[in-house]
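Student: Handing you a structure now.
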Amino acid sequence: MTPAPWAVQRRNARGRLHPEPESPTRSPWQRDRDRIIHCSAFRKLQYKTQVFVNHEGDFFRTRLTHSIEVAQIARSVARELGLDEDLTEALALAHDLGHPPFGHAGEDALAASMQPFGGFDHNAQSLRVVTLLEACYAGFDGLNLTWETLEGLAKHNGPVRRPSAHVADYDARHPLELGSYPAAESQVAALSDDIAYHCHDLDDGWRAEFFAPADLRHLPVIGEALAEAGRASLDMPPSRLRHETIRRVINRLVNDLVAETGRRIAALDPAGPDDIRNAGRPVVGFSEPMAEANRVIKEFLFARMYRHWRVNRMTAKARHVVADIFALLHGHTGLLPDDWRARAGEGDSARAAAVVCDYIAGMTDRYAREEHLRLTDLSVSG
C-alpha cells in the first residue's frame with residue numbers, strides 16, 4: 001500500500017548514529033523491529049510484571065504479552081491511517097524495554113531510590129537500553145536504531161521538556177527534536193498502549209474475580225459491549241462472555257481512534273510528517289466522548305484492580321525487594337557481579353547509583369526475588 005503523505009517515508013529517513021549499509025531486503029524500520037525482537041531486554045519482558053507477578057498465574061499478562069498486544073493493535077491502526085506499519089510495530093514492541101521488575105511497584109521503588117541522582121523513568125530507561133545497555137554489536141553500544149525509532153521512544157508521551165541525563169546526553173550527539181511531538185507512528189503506538197492495557201487489565205481483573213460482569217454494566221463502552229456479547233448467546237460460558245466483551249471493547253476503541261484521527265488529519269491537511277510533529281497538539285487521538293470513557297474506565301481499574309488488597313500486598317513486597325537491593329548494592333558496590341562492579345567504579349556515588357539502577361531495571365521478577373535472597377538470607381549462597 002502506498003504510504004500517506006503524512007507517514008514517515010523511507011526516502012526521507014534520517015539514518016542512524018553509526019552509519020550502516022542499507023539492507024537489500026528490509027526497510028530501516030523492519031531492521032529496527034528485528035533488532036528489538038532479538039535483543040535480551042525484549043526476551044526478559046516475558047518474566048516482568050504487568051499487574052500480576054509472573055508466578056501468580058500462566059494466563060495473566062506479562063510485559064511481553066502486553067507488548068505483543070500493543071504491536072497488533074498499533075499495526076492495524078497504522079494500516080488504516082496509511083502510516084508505516086513497521087516503524088509503528090517497532091515502537092510498540094520497544095516501548096516497555098526499560099521497565100524494571102514488578103511493574104509500577106518496581107518503578108516507584110527505583111524512582112524513590114534514585115531521587116537524589118536524577119530519578120528514574122521507564123520511558124527514558126527504554127532509550128537507555130537501546131542506545132547504551134544492549135551489548136550485541138562489535139562497532140557500537142546499543143542497537144543503533146534509526147532516528148525515527150529513537151525519536152518515537154524518547155517522545156512516547158509527547159514532547160520532552162525535562163529530559164533525563166542520558167536522554168539529554170544522547171540528544172546532544174544525535175538530536176531528536178525533543179521539544180516537538182513525535183511522528184504519527186509514535187502517537188499511534190502510544191494510544192495503542194492505552195487500548196491494550198485497559199482491555200487486558202479488564203480481562204485479567206475479571207479472570208481474577210476482582211470484579212464480576214454486574215460491576216461492569218454501568219461503565220461506558222464496556223457496559224454496551226457486555227450487553228451486546230450477552231445477546232450473542234443466552235447460555236454463553238463465563239470465559240467466552242469475557243472474551244466476547246473485551247474484543248468488542250477493543251473494536252470500539254480502535255474504530256473511534258481511527259475516525260477521530262482521520263478528522264484531525266483532514267483538518268490539518270499535513271504535507272509530510274514534520275507537519276504532524278509541529279502541529280502543536282497530538283494529531284492521533286480519541287474523540288472527546290471516548291477520551292472521557294477511557295478516564296472512567298481507568299478510575300474503575302484503579303479502584304477495583306490496581307488498589308485491590310491482593311495487588312496491594314504484592315506491591316508492598318515488591319517495593320521492599322527493589323528498595324533493599326538498591327540500598328545494599330549502592331552502599332556496597334563490591335557485592336555487584338564483576339562486570340557491573342567495574343562499571344560502578346570507586347568513590348563516585350552518582351555513577352554507582354546509575355549502574356545499580358541499570359542492573360536492577362534489567363532484572364526479571366524471578367531474578368530480583370532470587371537476588372534479594374542471595375543478598376539477605378544466610379542460608380542462600382551468593
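The values are calculated or read from the model by the stated rules, or taken from the named source; none is laboratory data. Small disclaimer: the values here were computed from a predicted structure and weren't measured. For neighbour counting, all protein chains shown are included, and Cβ atoms are generated from backbone atoms with ideal geometry for every residue, glycine included.
Student: Going through segment 122-151 one residue at a time, which ones are among the polar types (S, T, N, Q) and modelled with pLDDT under 95? Talk me through it step by step, then tell me what you get.
Tutor: Taking segment 122-151 first, the residues among the polar types (S, T, N, Q) are 123, 125-126, 131, 144, 146, 149.
Matches in segment 122-151: Asn123 only.
Student: Working only within segment 100-119, note down all residues that are closer than 20 Å to Ser40 by Cβ and either of a type in the set (S, T, N, Q) or in a loop (DSSP other than H, G, I, E, B) (or both). Let's see the steps before the verdict.
Tutor: Step one: of segment 100-119, the residues closer than 20 Å to Ser40 by Cβ are 100-103, 106-107, 110.
Matches in segment 100-119: Pro100, Pro101, Phe102.
Student: What number of residues in segment 185-209 are more than 17 Å from the chain's Cα centre (by Cα) and buried (at least 18 other Cβ atoms within 10 Å of the Cβ)?
Tutor: Our first condition is that a residue be more than 17 Å from the chain's Cα centre (by Cα); within segment 185-209, this holds for 202-209.
Filter once more, keeping what is buried (at least 18 other Cβ atoms within 10 Å of the Cβ): 202-206, 208.
Count: 6.
Student: So, one more: So, in segment 82-129, how many residues would count as being buried (at least 24 other Cβ atoms within 10 Å of the Cβ), under 20 Å from Lys317 (Cβ atoms) and without any contact (Cβ under 8 Å) to a residue 60 or more places away in the chain?
Tutor: 0
Student: Please verify whether segment 141-162 includes one or more residues that are surrounded by 16 or more Cβ atoms within 10 Å (Cβ to Cβ), of a type in the set (Ser, Thr, Tyr) and closer than 27 Å to Asp108 by Cβ.
Tutor: Here is the first cut: in segment 141-162, the ones surrounded by 16 or more Cβ atoms within 10 Å (Cβ to Cβ) are 142-156, 160.
The next check asks that each one be of a type in the set (Ser, Thr, Tyr); those that pass are 146, 149.
Subsequent filtering for residues that are closer than 27 Å to Asp108 by Cβ retains none.
Scanning segment 141-162, I find no residue that is surrounded by 16 or more Cβ atoms within 10 Å (Cβ to Cβ), of a type in the set (Ser, Thr, Tyr) and closer than 27 Å to Asp108 by Cβ, so the answer is no.
Student: Tell me, please, whether a residue that is assigned to a helix (DSSP H, G or I) and acidic (Asp, Glu) can be found in segment 319-326. Walk me through it before giving the result.
Tutor: So the first thing to find is which residues in segment 319-326 are assigned to a helix (DSSP H, G or I), and the list is 319-326.
Then drop every residue that is not acidic (Asp, Glu), which leaves 324.
Scanning segment 319-326 turns up at least one residue that is assigned to a helix (DSSP H, G or I) and acidic (Asp, Glu).
Student: When residues of segment 132-159 are filtered for being assigned to a helix (DSSP H, G or I), of a type in the set (D, E, K, R) and within 15 Å of the chain's Cα centre (by Cα), how many remain? Let's see the steps before the verdict.
Tutor: Kept after step one, since they are assigned to a helix (DSSP H, G or I), are these residues of segment 132-159: 132-133, 147-154.
Narrowing further to those that are of a type in the set (D, E, K, R): 148, 151.
Imposing the further condition that a residue be within 15 Å of the chain's Cα centre (by Cα) reduces the set to 151.
Selection size over segment 132-159: 1.
Student: Now a separate question. Among the candidates Pro24, Pro5, which residue alone is of a type outside the set (Phe, Trp, Tyr), outside the structural domain of Thr131 (by TED's automatic domain parsing) and outside any helix (DSSP H, G or I)? Please lay out each step first, then the result.
Tutor: Numbers: Pro24 fails: outside the structural domain of Thr131 (by TED's automatic domain parsing).
After applying the criteria, what remains is Pro5.
Student: Name, by its number, the condition in (1) modelled with pLDDT of 95 or more; (2) touching a helix residue (DSSP H, G or I) at 6+ places or on another chain (Cβ under 6 Å) that does not hold for Ala112.
Tutor: Status for Ala112: all satisfied but (2).
Student: Then there's this: On the basis of being charged (D, E, K, R), within 30 Å of Ala352 (Cβ to Cβ) and touching a Leu at 6+ places or on another chain (Cβ under 7 Å), does Glu134 make the cut?
Tutor: Numbers: charged (D, E, K, R): yes; within 30 Å of Ala352 (Cβ to Cβ): yes; touching a Leu at 6+ places or on another chain (Cβ under 7 Å): yes.
Here the answer is yes, as Glu134 does meet what is asked.
Student: For segment 63-72: of the residues being among the β-branched types (Val, Ile, Thr) and surrounded by fewer than 24 Cβ atoms within 10 Å (Cβ to Cβ), which is nearest to Gln9 (Cα to Cα)?
Tutor: Initially, segment 63-72 is screened for residues among the β-branched types (Val, Ile, Thr), giving 65, 68, 70.
Then drop every residue that is not surrounded by fewer than 24 Cβ atoms within 10 Å (Cβ to Cβ), which leaves 65, 68.
Values: Thr65: 29, Ile68: 24 Å.
Here the residue is Ile68.
A quick yes/no check of all residues on (1) more than 16 Å from Leu191 (Cβ to Cβ); (2) modelled with pLDDT of 95 or more:
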| residue | (1), (2) |
| --- | --- |
| Thr2 | yes, no |
| Asn12 | yes, no |
| Pro24 | yes, no |
| Arg31 | yes, yes |
| Val53 | yes, no |
| Arg63 | yes, no |
| Leu83 | no, yes |
| Gly98 | yes, yes |
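Student: Still on this structure: So if I check each of Leu97, Leu87, Leu45, which one is under 30 Å from Arg307 (Cα atoms) and not in a loop (DSSP other than H, G, I, E, B)? Steps first, answer last, please.
Tutor: Details: Leu97 fails: not in a loop (DSSP other than H, G, I, E, B); Leu87 fails: under 30 Å from Arg307 (Cα atoms).
None of the others qualify; the one that does is Leu45.
Student: Moving on to the next point. Taking segment 347-378, which residues are assigned to a loop (DSSP other than H, G, I, E, B) and in contact (Cβ under 8 Å) with a residue 12 or more places away in the chain? Working first, answer last.
Tutor: Initially, segment 347-378 is screened for residues assigned to a loop (DSSP other than H, G, I, E, B), giving 347-348, 362-364, 377-378.
Scanning segment 347-378 gives Gly362, Met363, Thr364.
Student: Can you name the number of the only condition in (1) more than 28 Å from Asp215 (Cα to Cα); (2) touching a residue at least 24 places away in the same chain (Cβ under 8 Å) that Thr315 fails?
Tutor: That leaves (1) as the condition not met.
Student: State yes or no: is Arg366 out of contact with any Leu (no Cβ under 7 Å at 6 or more places or on another chain), closer than 19 Å to Leu97 by Cβ and either modelled with pLDDT under 95 or in the same structural domain as Asp121 (by TED's automatic domain parsing) (or both)?
Tutor: On the way: out of contact with any Leu (no Cβ under 7 Å at 6 or more places or on another chain): yes; closer than 19 Å to Leu97 by Cβ: yes; either modelled with pLDDT under 95 or in the same structural domain as Asp121 (by TED's automatic domain parsing) (or both): yes.
When the stated conditions are applied, Arg366 passes them.
Student: A follow-up question, please. From the list Ala183, Ala214, Ala196, pick out the single residue that is out of contact with any helix residue (DSSP H, G or I) (no Cβ under 9 Å at 6 or more places or on another chain) and among the hydrophobic types (A, V, I, L, M, F, W, C).
Tutor: On the way: Ala183 fails: out of contact with any helix residue (DSSP H, G or I) (no Cβ under 9 Å at 6 or more places or on another chain); Ala196 fails: out of contact with any helix residue (DSSP H, G or I) (no Cβ under 9 Å at 6 or more places or on another chain).
Residue meeting the stated conditions: Ala214.
Student: Among the residues of segment 253-286, count how many are under 28 Å from His218 (Cα atoms) and surrounded by 15 or more Cβ atoms within 10 Å (Cβ to Cβ).
Tutor: 10
Student: Against the condition acidic (Asp, Glu), under 18 Å from Gly223 (Cβ atoms), under 22 Å from the mean Cα position of the chain (by Cα) and at pLDDT 95 or above, how does Glu299 come out, does it pass? First the steps, then the outcome.
Tutor: On the way: acidic (Asp, Glu): yes; under 18 Å from Gly223 (Cβ atoms): yes; under 22 Å from the mean Cα position of the chain (by Cα): yes; at pLDDT 95 or above: yes.
So Glu299 fits the description; yes.
Student: Only one of these conditions is not met by Val129: (1) farther than 29 Å from Trp340 by Cα; (2) β-branched (Val, Ile, Thr); (3) assigned to a helix (DSSP H, G or I). Which number is it?
Tutor: Among (1) farther than 29 Å from Trp340 by Cα; (2) β-branched (Val, Ile, Thr); (3) assigned to a helix (DSSP H, G or I), the lone unmet condition for Val129 is (1).
Student: Let me spell it out: the conditions are (1) among the charged types (D, E, K, R); (2) surrounded by 21 or more Cβ atoms within 10 Å (Cβ to Cβ); (3) at pLDDT 95 or above, and Arg79 meets all of them except one. Which number is the exception?
Tutor: Tallying (1) among the charged types (D, E, K, R); (2) surrounded by 21 or more Cβ atoms within 10 Å (Cβ to Cβ); (3) at pLDDT 95 or above, Arg79 fails exactly one: (2).
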